[in-house]
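Asker: The following block contains the structure, expressed as structure tokens.
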């Protein structure tokens, strides 16, 4: 039905009729994600200075370690991150200055007033025939999004159903596309883990739309 992967992507976008924003060939990771959809009610979560600070890799590494976690000492943070002592001192001071991190005694934590962007990110991996590669890339995409999907042509239904257990085990969704419809065969489960890559993806979206 589809001669090129780009035709599958174009028809999927047409049929999906996105109510939310989307990015094609999204550069969240090496090799890009074919299509990323994101939704949010507002981008007014962080100040411009805070967004700029968290766009720095080292600052975001520290933030991702402290985010939704108990407070930690300087020594603990130094042990866990690949930063020199002087570099960590400098970045913590910068995070304190921008009111992202607060220090109480010898403990560092995220400022309670920080409202990190509550952006829902869905990643779609498109493939015409290579389902194993599609699943592998969709598993990698889970590090960068809240929901991960594989999208393939409807004519590959029989092949896809052979891997249904893997989709379910990996919490990956499966969507099949024909000329007129998108059919959800396996529902994706939300990936609740919060890590550096996912936070970095959401900061990039804020920068895309800033």
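Asker: If you check residue 163 against the conditions, is it crowded, with 21+ Cβ neighbours inside 10 Å and touching a strand residue (DSSP E or B) at 6+ places or on another chain (Cβ under 9 Å)? Spell out how you get there, then give the answer.
Answerer: Details: crowded, with 21+ Cβ neighbours inside 10 Å: no; touching a strand residue (DSSP E or B) at 6+ places or on another chain (Cβ under 9 Å): yes.
Against the criterion (crowded, with 21+ Cβ neighbours inside 10 Å and touching a strand residue (DSSP E or B) at 6+ places or on another chain (Cβ under 9 Å)), residue 163 does not qualify.
Asker: Sticking with this structure for a sec: Residues that are exposed (fewer than 11 other Cβ atoms within 10 Å of the Cβ) and touching a residue at least 40 places away in the same chain (Cβ under 8 Å), at least 2 per element: which helices (runs of 4 or more DSSP H) completely within the stretch 17-89 meet that? Break it down into steps so the answer makes sense when it comes.
Answerer: Working: elements: 48-54, 57-66, 74-80.
Result: empty, no element qualifies.
Asker: Can you tell me which of (1) surrounded by 17 or more Cβ atoms within 10 Å (Cβ to Cβ); (2) touching a strand residue (DSSP E or B) at 6+ places or on another chain (Cβ under 8 Å) is the one residue 98 doesn't meet?
Answerer: (2)
Asker: Among the numbered criteria (1) at pLDDT below 95; (2) more than 28 Å from residue 79 (Cβ to Cβ), which one does residue 64 miss?
Answerer: All conditions are met except number (2).
Asker: Where in the stretch 131-210 are there helices (runs of 4 or more DSSP H), lying wholly inside it, with at least 1 residues that are within 18 Å of the chain's Cα centre (by Cα)?
Answerer: So the answer is 131-141, 196-209.
Asker: Could you check residue 93 against (1) buried (at least 17 other Cβ atoms within 10 Å of the Cβ); (2) part of a helix (DSSP H, G or I) and say which number it fails?
Answerer: Going through (1) buried (at least 17 other Cβ atoms within 10 Å of the Cβ); (2) part of a helix (DSSP H, G or I) one by one, residue 93 breaks only (1).
Asker: For the stretch 103-126, what are the residues that are in a loop (DSSP other than H, G, I, E, B) and over 20 Å from the mean Cα position of the chain (by Cα)?
Answerer: 105, 106, 111, 112, 113
Asker: Then there is this: Mind listing whichever residues of the stretch 166-188 are surrounded by fewer than 16 Cβ atoms within 10 Å (Cβ to Cβ), farther than 25 Å from residue 2 by Cβ and either out of contact with any strand residue (DSSP E or B) (no Cβ under 9 Å at 6 or more places or on another chain) or in contact (Cβ under 8 Å) with a residue 24 or more places away in the chain (or both)?
Answerer: 169, the sole residue that qualifies.
Asker: When you check residue 123 against the structure, is it under 30 Å from residue 51 (Cβ atoms), assigned by the TED database to the domain that holds residue 201, modelled with pLDDT of 95 or more and surrounded by 22 or more Cβ atoms within 10 Å (Cβ to Cβ), yes or no?
Answerer: So residue 123 fits the description; yes.
Asker: In contact with a helix residue (DSSP H, G or I) (Cβ under 6 Å, 6 or more places away or on another chain) and without any contact (Cβ under 8 Å) to a residue 40 or more places away in the chain, is that true of residue 139?
Answerer: Criteria not met by residue 139.
The values are calculated or read from the model by the stated rules, or taken from the named source; none is laboratory data. Keep in mind that what you see is a predicted model, and the values were worked out from it rather than measured. Ideal geometry is used to build each Cβ from the backbone, glycine not excepted, and the neighbour counts take in all protein chains shown.
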